[in-house]
There are 4 protein chains.
Amino acid sequence: MGVSERRQREKRARRTSIMDAAKRIFSAKGFNAATMEEIAQAAELSPATLYLYFKNKNDLYASLNLRMLEFLVKQLKELAGREDLGPREKVRGFSDALYGVYQEDPLILFNVFHLQSTQTLKELAARTTAKINQLSGQALGLIAQVFREGMEAGQFRQVHPMAMADVVWGCFSGLVLWEDNKKLFDPKKQFLKPTLDLAMETLVRGLAVE
Amino acid sequence: MGVSERRQREKRARRTSIMDAAKRIFSAKGFNAATMEEIAQAAELSPATLYLYFKNKNDLYASLNLRMLEFLVKQLKELAGREDLGPREKVRGFSDALYGVYQEDPLILFNVFHLQSTQTLKELAARTTAKINQLSGQALGLIAQVFREGMEAGQFRQVHPMAMADVVWGCFSGLVLWEDNKKLFDPKKQFLKPTLDLAMETLVRGLAVE
Amino acid sequence: MGVSERRQREKRARRTSIMDAAKRIFSAKGFNAATMEEIAQAAELSPATLYLYFKNKNDLYASLNLRMLEFLVKQLKELAGREDLGPREKVRGFSDALYGVYQEDPLILFNVFHLQSTQTLKELAARTTAKINQLSGQALGLIAQVFREGMEAGQFRQVHPMAMADVVWGCFSGLVLWEDNKKLFDPKKQFLKPTLDLAMETLVRGLAVE
Amino acid sequence: MGVSERRQREKRARRTSIMDAAKRIFSAKGFNAATMEEIAQAAELSPATLYLYFKNKNDLYASLNLRMLEFLVKQLKELAGREDLGPREKVRGFSDALYGVYQEDPLILFNVFHLQSTQTLKELAARTTAKINQLSGQALGLIAQVFREGMEAGQFRQVHPMAMADVVWGCFSGLVLWEDNKKLFDPKKQFLKPTLDLAMETLVRGLAVE
DNA sequence: GATGAATGAGTTTTCATTCAT
DNA sequence: TATGAATGAAAACTCATTCAT
């Protein structure tokens, strides 16, 4: 292994460790309240160093979201690709897959919305924006595909598969936010997983051909 | 009508006009980007005056959410109270009621999440926090009640009614955010209402007793 | 005198006092080394207050230059308008007029060059840039006019009057900078006025028709 | 040629290449806006390496000015030494000599003034400051000498030769700055050379003994 | 000798909020 | 009651410079 190779690896490791620190801070405080100073402290670096790895706060934040999207797509791909499951089981499986994403990065969804600001978007590298769009499109597409299969297999009613994907995704993200909200008042309560199960189960039944 | 009574009325009118201005600015820019200065300008007042009517920025913001919650509860009450509709129709009716809230204040939900910050909550008048909780609990309760009715009438499967309310609310708020997100890239696309319809319809079917 | 009138006057006075403080600091340290913090201290205000009166550091700086240009134009107008002086005396008079500008604001010329940065220019209000150009054009025009008069009166050789104005202005600004430079090593030395006198005298003679 | 000799040569070559890169960057952006990072990139080196050859940014900058002064002195020496030219022709010749300096390094004069800051001077090696003073004194002296010759030859009026040198130098540097300023608004306009010619011609005539 | 990586020390600017009038 | 004016407190970001390798 050459020197430059090791350098590369170290650099990536540092990048990752910054992202991990940022995840903690952003999750705990939200995008605006989190300061680069805090993130730097959490990463045991100086604030200036953060800027060696990320163009600015927005960029750091976007990278986090990218990572989450990549994980989401990976989970969905695995689920969609399983040959031992029928469409119904796969829809029920969304619950596990999505919940897995939530566990990996519990509060990041909560801040996704920061990215929606047009101003924020403009400050990101075009490549980053494009990648975010591509990945989220891919995730939605994978979900829709499961519904399409179910219809083709005659198990689901004919509905617009992409609309069902929207329902699933909307339901998930809404429940995550809702969970967070509830936690503020009762930190122990964990209703997300069972509620998600219920939602998916109801969707499966609701799509069933009589 | 006494002098003090008129004063009261004028005061409330001014309060309302500030809130209207604030709604416009917050909706357009989001909580953090909106400045008190801007809001004051929109209300044709000086920034200092705003503080005569609201404790601080958070309080002004919370008041807006309160107003939206009141509107939501009103809509749901009306729906729940209608005797010409059965549980199934009422669940389908959630779509209209919730969409009405969205139309009244399209972006306010988008910022609701700001309120979740513990720090923010601490800065609110305790009465405000309490009222927000009471109203959102009431709204959820009204939704749950419809499901309960349906079960009692033997039309719906036995599930936890409150969990179904969570599903409905999560689905709604998630789709609103999702809609906003999509609008950034294609401002004309409006998929919220039909998707909401589809979601409610699927829930109704999914709860049906075979 | 109404309240608003007094307010206006106070506001202008404060603006002026900030500019005076800024002049001191900029002159002593140059544009880049001078900090808004220092200027604020010199003006006995908080840095934030400066931004109530000037858009940003560049704007404050440009305002200073504007003021100097206005003074310069005033001096030149007075000189050019005197009917008791012939062209030769007026050219000699440039020395006094220009030296007066220097005394009014000894080091400001030194920093004029900061304004040349295209980036700086872009951050100024278009109106400011326009006014700067207008005034400096006017000053040059007034100088050129004196030479033109001399030629028309048959006292000066035929040369391009605007070019002579450039010579006068270039000579003045160059000598100011040169003076500052020398002062660094020998603060007492004051050669500007006599040198300027010599320069103007030589120009007058150099233009004389044999 | 020994090894150490070659080392010396290589070292000097690298120093020169850094200075060339620095000249490009400083000229394009001015002292403050230019970053060591940029200069290093232009020199295809790492920023750290720059510090092996120059004490700091100021020192690098001063070295550039030194180089320019050396060039200026060389030009003036050549001019002053020509036996085929009389004092009048030599004064006219200043125009070419000075313009040559300008062409060699069009914007360096523009930034010379940075060096005047006392703070900057303190950060320079004492040797550098001394050399700058020595060279600029020498340049002025060479100019003055030409005037002195003219007076001794009975061609020029009796004036203080050093003062005339100041006039020439002031006129030159002032016009260079003025040219740069004009270029901002009309990049094609080039008035420096003819104006310099006019200035020198007028000085020659102005000094003529009747 | 050369450098990749890291950082300390600033600086401008923004805004919610206050207070004398 | 209303407000013009003022400001304290931050926070993002920059860059010359250093140092272990």
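Quick notes on this structure:
- Of the residues making up the range C:130-149, one or more are out of contact with any strand residue (DSSP E or B) (no Cβ under 6 Å at 6 or more places or on another chain), part of a helix (DSSP H, G or I) and farther than 17 Å from residue C:73 by Cα.
To keep it simple, each residue is scored yes or no on (1) farther than 28 Å from residue D:205 by Cβ; (2) in contact (Cβ under 8 Å) with a residue 24 or more places away in the chain.
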site	(1), (2)
D:41	yes, no
D:50	yes, yes
D:71	yes, yes
D:74	yes, no
D:91	no, yes
D:96	no, no
D:99	no, yes
D:103	no, no
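- Within the set A:96, A:105, the sole residue that is at pLDDT below 95 and of a type in the set (Asp, Glu) turns out to be A:105.
- Flag if residue A:79 is away from DNA strand E (no atom under 16 Å from the Cβ) and away from chain B (no Cβ under 14 Å): yes
- Residues in the range B:56-71 that are more than 14 Å from chain A (Cβ to nearest Cβ), of a type in the set (A, V, I, L, M, F, W, C) and more than 13 Å from DNA strand E (Cβ to nearest atom) were compared, and the one that is nearest to the chain's Cα centre (by Cα) is B:68.
- Residue list for the range C:157-178, restricted to those being free of Cβ contacts under 8 Å to residues at least 40 places away in the same chain and not aromatic (Phe, Trp, Tyr): C:158, C:160, C:161, C:162, C:163, C:165, C:166, C:167, C:170, C:171, C:174, C:175
- Residue satisfying condition, being crowded, with 17+ Cβ neighbours inside 10 Å and over 22 Å from the mean Cα position of the chain (by Cα), within set A:21, A:42, A:34: A:42
- Some residue of the range A:157-166 being part of a helix (DSSP H, G or I), within 30 Å of residue A:63 (Cβ to Cβ) and away from every other protein chain (no Cβ under 11 Å): no
- Verdict on residue D:76 being modelled with pLDDT of 95 or more, out of contact with any His (no Cβ under 9 Å at 6 or more places or on another chain) and not in a helix (DSSP H, G or I): no
- Among the residues making up the range D:190-209, those that are hydrophobic (A, V, I, L, M, F, W, C), more than 7 Å from chain C (Cβ to nearest Cβ) and not in a helix (DSSP H, G or I) are D:208, D:209.
- Number of positions in the range D:171-185 that are under 20 Å from residue C:161 (Cα atoms) and either facing chain C (nearest Cβ under 7 Å) or not in a helix (DSSP H, G or I) (or both): 7
- Residue check for residue C:45: part of a helix (DSSP H, G or I) and within 16 Å of DNA strand F (Cβ to nearest atom): no
- Residue satisfying all of: in the range C:29-55; within 6 Å of DNA strand E (Cβ to nearest atom) and more than 23 Å from residue C:7 (Cα to Cα); nearest to the other protein chains (Cβ to nearest Cβ) among these: C:35
- Residue among C:9, C:15 that alone is more than 9 Å from DNA strand E (Cβ to nearest atom) and modelled with pLDDT under 90: C:9
- Filter result for residue C:65 (over 25 Å from residue C:192 (Cβ atoms) and touching a residue at least 12 places away in the same chain (Cβ under 8 Å)): no
- Meets criteria (free of Cβ contacts under 8 Å to residues at least 24 places away in the same chain and more than 16 Å from DNA strand E (Cβ to nearest atom)) for residue D:85: yes
- When the residues of the range C:151-210 are filtered to those that are crowded, with 17+ Cβ neighbours inside 10 Å and among the acidic types (Asp, Glu), the one that is nearest to residue C:137 (Cα to Cα) is C:166.
The values are calculated or read from the model by the stated rules, or taken from the named source; none is laboratory data. As the structure is a computational prediction, the values presented were derived from the model and not from experiment. A quick note on method: Cβ atoms are made from the backbone with ideal geometry, for glycine too, and the neighbour counts reach across all protein chains shown.
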